[in-house]
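Below you'll find the structure, written out as structure tokens, and then a few comments.
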Amino acid sequence: MHKSKILITCPKGIPPILKQELLALNLPVLSENIAGVETEGTLDDTLRLNLHLRTGHRALFLLREFIAHHPDELYRNVSAMAWEESIPEDGYLCVTSSVDTPSIKDPRFASLKCKDAIVDRIKERRGRRPDSGPERDRSVVHLYWKDDRCSVYLDTSGEPLSRRGYRKIPLSAPMQETLAAAVVLATGWDGGNNFINPMCGSGTLAIEAALMGLNRAPGLLRSNFGFMHMKGFNEGLWNELREKAKKEARKSIPGRIIATDISAPAVEAAKKNAATAGVEHLIEFGVCDFVDTPLPEDGGVIVMNPGYGERMGEMAQLEIVYKDIGDYFKQKCRGYTGYVFTGNPALAKKVSLKPKRSLQFFNSGIECRLLEYDLYEGSRKKKKSGKIQGALIDGEPDGRQGNGP
Ligand SMILES: C[S@@+](CC[C@H](N)C(=O)[O-])C[C@H]1O[C@@H](n2cnc3c(N)ncnc32)[C@H](O)[C@@H]1O
């Protein structure tokens, strides 16, 4: 099977983390750009990528690169490719594109031209043209056209990999699954100690942490990928890879995952999402103000994603919340590494602690920071082992209660 370049796209800020994921999968890193990393492999390798990647959005398998100055040149070049070998004639095709070239004003026109070239070619060879449209749940082709350089890819993911399929209950301001995975990876948490997520909202950070701690491949949650709608899809290999991934998953982890929010509907939604992801048994949920989140004595990481003030009138209230987060870190969280993910630098200052690290991410186009605070100075006074601080937590048969600050 021939090797080709494979471009993995991802949100800005994530390539350094995605790179590490590729190396861990024994795939080379050929190059890195602002929102993607290029590797090399076979179409079979894309099955592994779609199954295991946590921070990538789409695995694009390069079919051909060529020069085109004009849409007619694009059409000629795309028509010359053997589409009848990869797109089923009774299938459904979607063409997506990323275009920045002087001869095209509307990128949809480039997609249309590319789609026409493909379906005309298949009709000519097979007598029947596949249906086409905007749905990305079957065969997907991606066109990248910058100046006079065109790259045509098979999109082996189809729907972006950020759509894991577990977030069924919509809440406001949820974090995208891939971004949440990148945040957890950036903390270095590996399941060995505790992962605390006050202000959990729909639970994305805690769910991604649970999947990671269990070494569970995120692609196991999805039943549909672009590669399944390509001719020659190696279904036997896909089933083998899935079985292997299931065997490699752990049943439990040494650390505890605790997720709380002040909003009861948010916690309800997070629980349902965790159940859909198959990790509800691993996350201890609770409804409480963040300062009352139970904190196991033996430390770990604590990750907070407070709102960052999109609406007028919210700022004054949020300033108090950020100040309270700083006080909470200082007074209650010694023994932990604290993280605040925010898109508002002015609010971040209100935490009034000096961050040890500041990592840049982007959330829906907004520049955000993951601020890391070392809360290790001094040591937390050891109390009776296993006891935790703060509010009552669901799922604890003895209704363990906090020790107070
Ligand atoms: C930006 S959202 C978190 C989104 C989350 N990362 C997700 O993926 O869904 C902020 C959350 O903080 C919660 N919140 C606000 N003030 C709080 C407080 N004082 N204590 C606990 N939770 C609070 C809100 O209910 C909301 O769910």
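Readers should treat all values here as calculations from the given coordinates under stated rules, not as data from a laboratory. Predicted, not measured: the structure shown is a model, and the values here were computed from it. Neighbour counts run over all protein chains shown; Cβ positions are idealised from the backbone, glycine included.
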**Lys, Arg +1 and Asp, Glu -1 on Cβ, resulting dipole of the chain about Cα centre, debye, nearest 20** = 720 debye
**Complete:** Output for the stretch 110-171: trypsin sites (Lys or Arg not before Pro) sitting in coil per DSSP, at most 10 other Cβ within 10 Å, listed by number, reads ARG128
**Prompt:** So what's the angle, to the nearest 10 degrees on a 0 to 90 scale, between helix 107-126 and the longest Cα principal axis of the chain?
**Reply:** 50 degrees
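To the nearest 20 Debye, how big is the dipole of the stretch 144-238 about its Cα centre, given +1 on the beta carbon of each Lys and Arg and -1 on that of each Asp and Glu? Please list the in-between numbers first.
Details: 9 positive and 8 negative charges, 45 e Å.
In debye, rounded to 20, the stretch 144-238 gives about 220.
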**Prompt:** Lys/Arg Cβ at +1, Asp/Glu Cβ at -1, dipole of the chain taken about the Cα centre: which of TRP189, GLY309, LEU47 is farthest positive-ward?
**Reply:** TRP189
**Request:** Figure the gain on full extension for ARG108 and GLU85 (residue separation times 0.36 nm, minus the Cα-Cα span) and round it to one decimal in nm.
**Result:** 5.8 nm
**Asked** Can you give the Rg and Dmax of the stretch 160-285 based on its C-alpha atoms, in angstrom?
**Response** 15.1, 50
**Message:** Given Cβ point charges of +1 (Lys, Arg) and -1 (Asp, Glu) and nothing else, what value in debye, to the nearest 20, does the dipole of the stretch 157-316 about its Cα centre take?
**Reply:** 760 debye
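What percent do you get for the relative contact order of the stretch 76-229 when only Cα pairs under 8 Å and 6+ apart count? It would help to have the intermediate numbers written out before the result.
On the way: 223 pairs, mean separation 36.8, N = 154.
Reported relative contact order: 24 percent.
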**Complete:** When MET230, MET212 are ranked with the fewest other C-beta atoms within 10 Å first, the list becomes MET212, MET230
**Message:** Can you tell me the length gained on complete extension of the stretch ALA173 to GLU314, counting 0.36 nm per residue apart and subtracting the Cα distance?
**Reply:** 49.3 nm
**Request:** Would you please give the FRET efficiency between LYS12 and GLU124, computed as 1/(1 + (r/R0)^6) with r the Cβ-Cβ distance and R0 = 41 Å, to the nearest 0.05?
**Result:** 0.50
**Prompt:** Amide H of GLU284: which non-local residues (sequence gap of 5 or more, or other chain) have their own amide H closer than 5 Å, using H built in the peptide plane?
**Reply:** ILE257, ILE258, ALA259
**Message:** Could you tell me the center-to-center distance, by alpha carbons, between the stretch 81-111 and the stretch 207-259 in angstrom?
**Reply:** 30 Å
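For the chain, what is the convex hull volume of its Cα atoms per residue in Å³?
Values: hull volume 60.3 nm³, N = 405.
About 149 Å³ per residue, rounded to a whole number.
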**Message:** Amide H of SER98 versus every other amide H placed in the peptide plane: which residues, excluding those fewer than 5 positions away on the same chain, fall under 5 Å?
**Reply:** LEU143, TYR144, TRP145
**Asked** Order of HIS57, HIS281 from fewest to most other C-beta atoms within 10 Å?
**Response** HIS281, HIS57
